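J.: I have a structure I would like to understand better, so I am pasting it below and will then ask my questions one at a time.
The values are calculated or read from the model by the stated rules, or taken from the named source; none is laboratory data. Computed from a prediction, not measured in an experiment: that's the story for all the values here. All Cβ positions, glycine included, derive from the backbone under ideal geometry; neighbour counts span all protein chains shown.
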Amino acid sequence: MYAMADAEQPDYTTLTVQLLTAYVSNNTVPIDQLPGLIEQTRATLAKRDGSADMEDAPEQTFVPAVSVRKSLSSPDHIASMIDGRNYRSLKRHLSANGLTPAEYRARYKLPADYPMVAPGYSEERRAVAKRLGLGRKPAQAPSPAPASTEPAAEASETAPAPKPRRRKAVAPDAG
């Protein structure tokens, strides 16, 4: 049981040495301030041992770059609350910032029906889909025609004969 308690406790001395080695190698620290820096770093590590409750941490508040009204002011784009830039669709922008649409709406206290795609862009996509026939049920295949009693020669007159296929001539090696 004692070994288990040791395994759970991080070695604050080693962590302190690693942190301060990195800090001092990139920053100038007066020699008289070094002992205080070591004590302060070790105390901070001991206080924040990683098991601190998330409830103790203050909730981060996010200030939107633009107002909700301004973000939806144009039918051609949506202004991002993160950086204020205009986008036709926010999906890629949100994923680049590590957010899902639900997290984005929660972060900026947006309604559940807040759009992630500009209305004009949505209409363009809708028109293209309709033109391509997407979303329609496939047409029923016509039922086969009853067997005809006409001779086969007559039937061949109605359908054009397939063209014979030609092989492409290959030039002999000149080498």
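J.: May I ask you to say which residue of TYR108, TYR87 is among the hydroxyl-bearing types (Ser, Thr, Tyr), over 14 Å from the mean Cα position of the chain (by Cα) and farther than 22 Å from THR61 by Cα?
T.: Unique residue meeting the criteria: TYR87.
J.: Can I ask one more? Would you pick out the residues in the stretch 63-87 that are assigned to a loop (DSSP other than H, G, I, E, B) and surrounded by fewer than 16 Cβ atoms within 10 Å (Cβ to Cβ)?
T.: Scanning the stretch 63-87 gives VAL63, ALA65, SER67, SER73, SER74, PRO75, ASP76, ASP83, GLY84, ARG85.
J.: Okay, next question. I need every pair where a residue in the stretch 26-50 that is modelled with pLDDT of 80 or more has its Cβ under 8 Å from the Cβ of a residue that is not in a helix (DSSP H, G or I), sequence separation at least 6 or different chains.
T.: LEU37/VAL29; LEU45/PRO10
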